[in-house]
1. Would you mention how many residues in segment B:53-77 are farther than 27 Å from B:Val193 by Cβ and out of contact with any helix residue (DSSP H, G or I) (no Cβ under 6 Å at 6 or more places or on another chain)?
2. Are any of the residues in segment A:39-48 within 10 Å of chain B (Cβ to nearest Cβ), surrounded by fewer than 19 Cβ atoms within 10 Å (Cβ to Cβ) and assigned to a loop (DSSP other than H, G, I, E, B)?
3. Filter segment B:229-240 down to residues that are in contact (Cβ under 8 Å) with a residue 40 or more places away in the chain and within 24 Å of B:Arg22 (Cβ to Cβ) and give me whichever is surrounded by the fewest Cβ atoms within 10 Å (Cβ to Cβ).
4. Mind checking whether some residue in segment A:4-24 is part of a helix (DSSP H, G or I), over 24 Å from the mean Cα position of the chain (by Cα) and surrounded by fewer than 21 Cβ atoms within 10 Å (Cβ to Cβ)?
5. Search segment A:186-199 for residues that are more than 9 Å from chain B (Cβ to nearest Cβ) and pair each with any residue that is part of a helix (DSSP H, G or I) and not hydrophobic (A, V, I, L, M, F, W, C) when their beta-carbon atoms are under 6 Å apart and the residues are at least 6 apart or on different chains.
6. Looking only at residues that are surrounded by fewer than 22 Cβ atoms within 10 Å (Cβ to Cβ) and of a type in the set (A, V, I, L, M) in segment B:16-58, which one is farthest from the chain's Cα centre (by Cα)?
7. Only one of B:Ser207, B:Ser219 is among the small types (Gly, Ala, Ser), at pLDDT 95 or above and surrounded by 23 or more Cβ atoms within 10 Å (Cβ to Cβ); which?
8. Do the conditions hold for A:Asp179, that is, is it over 13 Å from the mean Cα position of the chain (by Cα), at pLDDT below 95 and surrounded by fewer than 24 Cβ atoms within 10 Å (Cβ to Cβ)?
Amino acid sequence: MGDSKIERLISDDGIRCDGRRLDEIRPIEFQLGVLKNTDGSAYVEWGKTKILVGVMGPRESHPKHLALSDKARVEAYYRMASFSVEEWKSPAPSRREVELSKVIREALGPAIFVDFFPRTSIDIFIEVLQADGSTRCASISAASLALVDAGIPMRDLVASIAVGKVEGKLVLDVQDKEDKTGESDMPMAYMPSKNAVTLLQMDGQITHDEFLQSIELLKKGCMEVYKKQKEAIEKHFKGAVSKMEEV
Amino acid sequence: MSQRIVPAVKRKQIIELSESGRRMDGRTLTDYRDISIQTGFVEKADGSSLVSIGGTKVVAGIKFEIGDPFPDIPNEGVMQVGAEFVPFASPDFEPGRPDEVAVELARVVDRGLRESKVLDTTKLCIIPGKKVWIVHVDVYILDHCGNLIDAAALAALTAMLTATMPEACIEGDAVNLTGKRLPMPITDIPINVTLAKIGSRLFVDPSFEEEEVLDCRFSVAFKENGMLCAIQKGESGYITPEEILRAVEIARDKSQEIRKKVVEALKLKNDKVGEP
């Protein structure tokens, strides 16, 4: 990090390398119902990050012995396409993908009324087509919408965003360059109406004060993502309603 | 089904007991179980440590190997953390490749160590851009009585703190070992503390039966100077932002207590602790 001075990521007047303010999120566009063969699907463009999510279920659990007698089994599969990052990535799941699949499942699980669908499976398939930072946050946020599209009853949407520390400053919605050269990365997933944090991770080094500020900034960021999610739902179902009106 | 009913009954019992600040094993909510640390347990390893937290038992071993650096950090050594769940450690463990629980554990332990910069990897370079030391930190779970993350992190840390590394010398293009041993380039003593949220209460150092019924798990690692260096929320429940702040406060106090214990325990065996 010694030569990071040569290429500054934040200018003196607090503008980041992609032109954003410190607490500004990237342009985010969600779209529901983009796939034909799934029960629910969503697509997100989050800056340059592009992710497609498909939900299958609730459907018969397979293999059967894994079925839970009192609730649905939720599984998440987070995978990055081999061409989604700078260098070719082997399509075999890495340790990172295994861990992210687990934490994403645990971030979405609390939102789903799993006890409505005993003995079934709800499978969430996430395919990162292009990765430019915060892919787990974008995945969780888009997967919430795919679950909505599948008509699965939920307690709330799960909105997710990350705060990083770059050149000693806290920045909202970390992109790839900031993530790679920054001092820390802290993603959070949040259900606003429940005041429930369903994912929180951090790596890097931050002081206790920075930690407190990060939590506040993360809540603000999640609320902005939440708003975008709601707009996407409204847009999707408004289209459906106007189609019904035509009949 | 029976496996799910018993924890449900226990959960009620654990929550009721916690209302008076007690736990099934007699601890208060903020008590940590007894910790024992036995370093140098495996002589053939470059460093090792057998750690117990209550009944939980974990052994970590360090092995050095000469290898190639990563292209983006050609002048730095490489640290790799792995976790193996030995089948006799729990009736729930099965033989085979590490599953997602083992992968998560290894990656959480790895982050705590890596992000605190516990090991100065710039001192592990042999020939810049060509040969570096690869440090394998492998943790074996031997007996699972709860809180594997803290036990694994502590075993890995204490094994590193007491490890020595081989000295290499370059002759022409060849890398040879002098047979001498050098101290590890250690720069910090990061401590990981895990809490469980059960109902509306936080339980420090959850036991196995508490883990079976928890809503979620919260782990945070602190450097010596009090900075946070890793966080992981785990399992399928949620935690509120207010509870997170409380958990971090409690964990900070606990991390200082544990660090004191580590320093005391290791000083008995080795005066070089914390010395670069």
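The values are calculated or read from the model by the stated rules, or taken from the named source; none is laboratory data. Since the model is a prediction, treat every value here as computed from it, not as a measurement. Positions of Cβ are backbone-derived with ideal geometry, glycine not excepted, and every protein chain shown enters the neighbour counts.
1. Residues of segment B:53-77 farther than 27 Å from B:Val193 by Cβ: B:63-77.
Okay, now just the ones that are also out of contact with any helix residue (DSSP H, G or I) (no Cβ under 6 Å at 6 or more places or on another chain), so B:63-75.
Total satisfying the criteria: 13.
2. Taking segment A:39-48 as the starting set, the residues that turn out to be within 10 Å of chain B (Cβ to nearest Cβ) are none.
Within segment A:39-48 (the criterion being within 10 Å of chain B (Cβ to nearest Cβ), surrounded by fewer than 19 Cβ atoms within 10 Å (Cβ to Cβ) and assigned to a loop (DSSP other than H, G, I, E, B)), the answer is no, since none of the residues qualifies.
3. Residues of segment B:229-240 that are in contact (Cβ under 8 Å) with a residue 40 or more places away in the chain, as a first pass: B:229-230, B:232, B:234, B:237, B:239.
From what is left, the residues that are within 24 Å of B:Arg22 (Cβ to Cβ) are B:237, B:239.
Numbers: B:Gly237: 18, B:Ile239: 23.
Among those residues, the one meeting the criterion is B:Gly237.
4. Just the residues of segment A:4-24 that are part of a helix (DSSP H, G or I), to begin with: A:4-5.
Still in the list and also over 24 Å from the mean Cα position of the chain (by Cα): A:4-5.
Keeping just the survivors that are surrounded by fewer than 21 Cβ atoms within 10 Å (Cβ to Cβ) gives A:4-5.
Yes: segment A:4-24 contains one or more residues that are part of a helix (DSSP H, G or I), over 24 Å from the mean Cα position of the chain (by Cα) and surrounded by fewer than 21 Cβ atoms within 10 Å (Cβ to Cβ).
5. A:Pro187/A:Arg136; A:Pro192/A:Tyr226
6. That would be B:Leu17.
7. Values: B:Ser207 fails: surrounded by 23 or more Cβ atoms within 10 Å (Cβ to Cβ).
Going through B:Ser207, B:Ser219 in turn, just one is among the small types (Gly, Ala, Ser), at pLDDT 95 or above and surrounded by 23 or more Cβ atoms within 10 Å (Cβ to Cβ): B:Ser219.
8. Against the criterion (over 13 Å from the mean Cα position of the chain (by Cα), at pLDDT below 95 and surrounded by fewer than 24 Cβ atoms within 10 Å (Cβ to Cβ)), A:Asp179 qualifies.
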